[in-house]
1. Could you list, bin by bin from short to long, the percent of Cα-Cα pairs of the chain in 10 Å steps?
2. Enumerate the amide H contacts of Val5 below 5 Å, restricted to partners 5 or more residues apart or on another chain; note that Pro and chain-start residues carry no placed amide H.
3. Select from Ser181, Gly166, Thr204 the residue farthest towards the positive end of the dipole of segment 158-232; place +1 on Cβ of Lys and Arg, -1 on Cβ of Asp and Glu, and compute about the Cα centre.
4. Considering amide H positions built from the backbone, and no H for Pro or chain starts, which residues 5 or more places from Met207, or on another chain, come under 5 Å of its amide H?
5. Which ³J(HN,Hα) values, rounded to whole Hz and listed in residue order, are derived for segment 6-12 from phi using the Karplus coefficients 6.51, -1.76 and 1.60 in 6.51 cos²θ - 1.76 cosθ + 1.60 with θ = phi - 60°, glycine and proline given as x?
6. Placing one identical point scatterer on every Cα of segment 139-268 and ignoring solvent, what is log10 I(q)/I(0) from the Debye formula at q = 0.21 Å⁻¹?
7. Count neighbours as other Cβ atoms within 10 Å of each site's Cβ, and list the trypsin sites (Lys or Arg not before Pro) in segment 206-298 that are DSSP loop with at most 10 such neighbours.
8. What whole number of Å gives the distance from the Cα centroid of segment 45-60 to the Cα centroid of segment 271-322?
Amino acid sequence: MRAAVLVEQNKPLEIIDLEIPELGVGQVLVKVAYSGICGKQIDEIMGKRPDPFLPHLLGHEGSGIVESIGAGVKKVKPGDHVVLHWMKGSGIDSDPPRFGKISAGWITTFSDYTIASENRVTKIADDIPLDVASLLGCAVTTGMGIVFNNADLKPGQSIIVFGCGGVGLNVIQGASLVNASPIVAVDIHANKLRLAETFGAHQTIQMIEPHKIEGFDVAVDTTGIKSVREMAYNSAKKVIFAGVPSENIEIDSYPIHAGRQIIGSHGGATNPDIDIPRYLKLYKSGKLKLTEQITHRFPLEKINEAIEVVKKGEAGRCLIWM
């Protein structure tokens, strides 16, 4: 199998041919069709945190077709179309696979085949396009889950979303589905704000330097940037931090005594077995925009070019095809 491997942080991924090992208990071999690129992988590549497991495979959202299954697997069978996701669903939590000296997690997707834990795959209908399906591995489920599970957003409540990448777009889309008002999108990139308007944002703010914003029912930060998180905290009654933080923040804790809430979102509290089929029903009924999120596509051998596009903020959702 061909895989894009992180050999050294702050260096391009290397395309390496690997032998597929024998499947263990609870493991599923999937022929990968598409993978998304999430900010978490960018952070790993850029070395924002020390990485003791190098070299290793990357990617945690994708789609494909089951090739074979290990002992004990009952959730899927060969030939099933599946979403590959990092949030745990039902099934066996298997041991992570190893490819010789190269490590991998319970789910990796930057390769033309992957060995995933049974609880990181969810079967979908064969008529769902696999490019669309890959978005359900993280961006859609996290964004929607933030609205429905973390924020418990109600019709007529106001929301401000900081960062309009894959997760932010789906927070905006979820807020629109529940008739929140107003929905305000904040980003430094004009192209992302234009896209946010098509997903339901009533107002957009292109902001380079943070400034004071107040009066919202809900604020969501998807960036993890210290100054943006602090601004989000001061802007709303309920504050949801979804972006992976790189620095500690400084806040005035007094508003917490007056009822302000801080919620750290873990994948939007998603239950893949329930939420992925539910969101796909919305997609099939025309109520959920998925194809429109995909702005760039690259073959696996050009994954480093794709990563640069994502790092520059040029993409809505960027897919790698196998």
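Throughout, read-outs are computed from the coordinates displayed, never taken from laboratory work. The shown structure was predicted, so the numbers you read here are calculated from the model rather than taken from an experiment. As a convention, Cβ positions derive from the backbone with ideal geometry for all residues, glycine included, and neighbour counts pool all protein chains shown.
1. 6, 28, 34, 23, 9, 1
2. Placed amide hydrogens put Glu14, Ile15, Ile16 under 5 Å from Val5.
3. Sorting the options by dipole projection puts first Gly166.
4. Residues meeting the amide H criterion: Asp187, Ile188.
5. Values per residue, Gly and Pro as x: 7, 8, 8, 5, 6, 10, x Hz.
6. -1.22
7. Listed in order of number, the matching sites are Lys212.
8. Between the Cα centres of segment 271-322 and segment 45-60 lies a distance of 22 Å.
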